[in-house]
Number of protein chains: 2
Amino acid sequence: MADMLIPMRTIDWDYTNNTIIMIDQTLLPREKRVIECRTIDSLCEAIKSLRVRGAPALGAAGGFGVALAAHISNATTLAGITHELETAGKTISATRPTAVNLSWGVNRVIGVIEEAKNTREARMFALDEARLIADEDVAKNRQLGEHGEKLLEDGDTVMTHCNAGKMACVDRGTALGVIRSAVEHGKDIKVISCETRPLNQGSRITAWELMEDKIPVTLITDSMSGHVMRKGMVDKVIVGADRITQDAVFNKIGTYTHSVIAKEHGIPFYVAAPVSTFDFEQFEEDIEIELRSPDELRFFGNYQIAPLEVDVYNPAFDATPMENVSALITENGVYYPPFLLDEVKIKS
Amino acid sequence: MADMLIPMRTIDWDYTNNTIIMIDQTLLPREKRVIECRTIDSLCEAIKSLRVRGAPALGAAGGFGVALAAHISNATTLAGITHELETAGKTISATRPTAVNLSWGVNRVIGVIEEAKNTREARMFALDEARLIADEDVAKNRQLGEHGEKLLEDGDTVMTHCNAGKMACVDRGTALGVIRSAVEHGKDIKVISCETRPLNQGSRITAWELMEDKIPVTLITDSMSGHVMRKGMVDKVIVGADRITQDAVFNKIGTYTHSVIAKEHGIPFYVAAPVSTFDFEQFEEDIEIELRSPDELRFFGNYQIAPLEVDVYNPAFDATPMENVSALITENGVYYPPFLLDEVKIKS
């Protein structure tokens, strides 16, 4: 792992050295360092340590991981290389077993090996497929951004929560992708970023991303959303989503609170997410919300901010009922209430 | 300043050593240390460093400061001791010039010296008056608590924001005073404490206070208030107030957001504050909200959590319009909408 120039994407393949390169998100915003993974072990360490995170970015990480395993394999037979890739794939997928996209990326790349006639083709096909996963992610976010940017007007101030940006994807992002597209269309857009407790993805990552792109951003605490909306400082809210069921949007804890405040003040509340986020079969009541460590609220780094033994309730996500959502922005288009998810499904 | 046992009150007079003793709030919750101020300099340092904070507690600090100046004075004439107390009073008041209660406490104690016939009486009267300020504060909070506790039912879970507790007053507190009274009446009350960004008074002080009193408390991030109210986990909300105008309650930033969420879910939203908090002459538009340092959102202690140059909006307070308030709890009784502040005024 060596210091390098910032690449365009969150995670990418370096054709010069045939390695995986990524921005180390754990160092943001204090340091912008690109790290290089030359082995499956170093990739697994990067995933476990959240140096790369976000569902779409992890899909690409899984794909590139199998491509890396193919590149460094010494196998001389197709059966040999296939066996090595399957072993590497299992190791990679096991780093974050609940991250569906990670194993999806791994399996998609392993799947193309079947068509290879020799080990050289296996290496080539694996890398091509991994690149395709990354490219498709960028293309989808770009389409989503183009659809969504039509909802923004020149001069708008957009509030967002958590990081639904480039650093959660391969590039551009979902909520931030919409903002990037609007800016590319010449619109003057300002962003208010909620810091997003307890892990501060809003202050650490979203604020950093937007400053890198020279898009004006102002940081607030999550609790200020009511105050800024009441003061007329927000024109639209755009957030991402972790899962969208028939009746609710699951996203970073705090999203629901913002949706109620937006409704109170008649401010549009938009959710930007690729079709892969939609869970067409399930309802809110079917989904269990992950409870995270109490220490996330007891410490900041090593700094103690609450009694060590205090009880903590720390759900990772909340559910925003569809009636609080003004529009769903996807790569297939923008959907308005009443949301008939079958329409999204058929088109996808 | 030496380690001692925890006294009952936030700030008090130690008759054994004739010094001011207080809980050092800057060390909470990591360490519960009582410090002793033997000189005006050490008291001023404690006030400046926020070792003691909160409007009512500062009133007592000002009063005890003048009593301390009287105690350590070597003056042999009434004119001499009066001059010394006035000098000490100015020094104390200057430590936090915008804290109205501080100079109010100073001046109230200096005022009683006029009735003294000699320096011995001056010392005695000063200390008696300082004690009276502290006792009155405790008595007011106790009355307020007794009125307010009638609003709580056995088994209630009460959400609160920031610290409107013992550590902001001499003892008991306003919002937390209501909860303490309900518990003393045998009611089983649980508390949900919002951590209260950016300075975390909810996690550092409120959670600690309640744990000291063995009142069950669960810590959440501010953004979770929507989620916990939607899930039916909150029966009532009680907050304190920094200033109450004809049309709005000014309190710690985030209070307004919670009030909207409470209204959305039909949950009573109570404000507990002594009559001295009411500003009968002014309206929301007359009040300028203090903007605090951007670094409060860029750093946690020394730990950087946002880009160094990021723009930050950091108002200390927000305004909750009266229509979001279900009742005002004061030492004179409980007031319901429509709030006719003249009624509070006449009774006070």
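The values are calculated or read from the model by the stated rules, or taken from the named source; none is laboratory data. The model shown is predicted, which means the values in this text are computed figures rather than measured ones. Here the Cβ is made from the backbone with ideal geometry for all residues, glycine too, and neighbour counts use every protein chain on show. Heads up: the accessible areas ignore ligands, DNA and RNA and are worked out on the full protein's heavy atoms, side chains in. Shrake-Rupley method; radii C 1.70, N 1.55, O 1.52, S 1.80 Å.
Observations
- Residues in the stretch B:85-143 that are assigned to a helix (DSSP H, G or I), polar (S, T, N, Q) and open to solvent by less than 60 Å² (accessible area, probe 1.4 Å): B:Ser93, B:Asn101, B:Ser103, B:Thr119, B:Asn141.
- Selected residue (only one of A:Glu281, A:Glu288, A:Glu309 is assigned to a loop (DSSP other than H, G, I, E, B) and either buried (at least 17 other Cβ atoms within 10 Å of the Cβ) or at the interface with another protein chain (Cβ under 9 Å from one of its Cβ atoms) (or both)): A:Glu309
- Odd one out for A:Arg298 among (1) basic (Lys, Arg); (2) surrounded by 20 or more Cβ atoms within 10 Å (Cβ to Cβ); (3) more than 8 Å from chain B (Cβ to nearest Cβ): (3)
- Matching residues in the stretch B:25-45 - criterion: being at pLDDT 95 or above and either under 16 Å from the mean Cα position of the chain (by Cα) or farther than 26 Å from B:Lys140 by Cβ (or both): B:Glu36, B:Arg38, B:Thr39, B:Ile40, B:Asp41, B:Ser42, B:Cys44, B:Glu45
- Tally, over the stretch B:194-214, of residues that are open to solvent by less than 10 Å² (accessible area, probe 1.4 Å) and more than 7 Å from chain A (Cβ to nearest Cβ): 7
Rundown of residues vs (1) open to solvent by 30 Å² or more (accessible area, probe 1.4 Å); (2) among the polar types (S, T, N, Q), yes/no style:
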{"residue": "A:Thr16", "(1), (2)": "yes, yes"}
{"residue": "A:Val34", "(1), (2)": "no, no"}
{"residue": "A:Thr39", "(1), (2)": "yes, yes"}
{"residue": "A:Ser42", "(1), (2)": "no, yes"}
{"residue": "A:Arg53", "(1), (2)": "yes, no"}
{"residue": "A:Gly59", "(1), (2)": "no, no"}
{"residue": "A:Phe64", "(1), (2)": "no, no"}
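- The stretch A:1-12, residues that are open to solvent by 10 Å² or more (accessible area, probe 1.4 Å) and modelled with pLDDT of 95 or more: A:Asp12
- Candidate set from the stretch B:75-84 (those that are hydroxyl-bearing (Ser, Thr, Tyr) and farther than 19 Å from B:Asp128 by Cβ); member that is most open to solvent (accessible area, probe 1.4 Å): B:Thr76
- Sole residue being on the phi > 0 side of the Ramachandran plot and out of contact with any Phe, Trp or Tyr (no Cβ under 8 Å at 6 or more places or on another chain), chosen from B:Thr206, B:Thr119, B:Thr196, B:Thr160: B:Thr196
- The set of residues from the stretch B:144-156 being open to solvent by 30 Å² or more (accessible area, probe 1.4 Å) and under 21 Å from the mean Cα position of the chain (by Cα) comprises B:Glu146, B:His147.
- Once the stretch A:170-198 is narrowed to residues that are assigned to a strand (DSSP E or B) and not charged (D, E, K, R), the residue that is nearest to the chain's Cα centre (by Cα) is A:Gly173.
- Residues that are in a loop (DSSP other than H, G, I, E, B) and touching a residue at least 24 places away in the same chain (Cβ under 8 Å) are absent from the stretch A:56-72 altogether.
- Qualifying positions in the stretch A:252-278 - within 23 Å of A:Gln201 (Cβ to Cβ) and open to solvent by 40 Å² or more (accessible area, probe 1.4 Å): A:Ser276
- Whichever residue in the stretch A:250-264 is more than 9 Å from chain B (Cβ to nearest Cβ) and outside any helix (DSSP H, G or I) and, among such residues, is nearest to the chain's Cα centre (by Cα): A:Asn251
- Scan of the stretch B:218-228 for residues that are surrounded by 24 or more Cβ atoms within 10 Å (Cβ to Cβ) and either among the hydrophobic types (A, V, I, L, M, F, W, C) or more than 7 Å from chain A (Cβ to nearest Cβ) (or both), ordered by number: B:Leu219, B:Ile220, B:Met224
- Residue that is open to solvent by less than 10 Å² (accessible area, probe 1.4 Å), in a strand (DSSP E or B) and within 14 Å of chain B (Cβ to nearest Cβ), where the choices are A:Met167, A:Met159: A:Met159
- Counting only residues that are among the polar types (S, T, N, Q) and open to solvent by 40 Å² or more (accessible area, probe 1.4 Å), the stretch B:327-348 holds 1 of them.
- Residue within the stretch B:229-249 that is surrounded by fewer than 22 Cβ atoms within 10 Å (Cβ to Cβ), among the hydroxyl-bearing types (Ser, Thr, Tyr), over 17 Å from the mean Cα position of the chain (by Cα) and within 11 Å of chain A (Cβ to nearest Cβ) present: no
- Residue match in the stretch B:230-238 (condition: in a strand (DSSP E or B) and among the hydrophobic types (A, V, I, L, M, F, W, C)): yes
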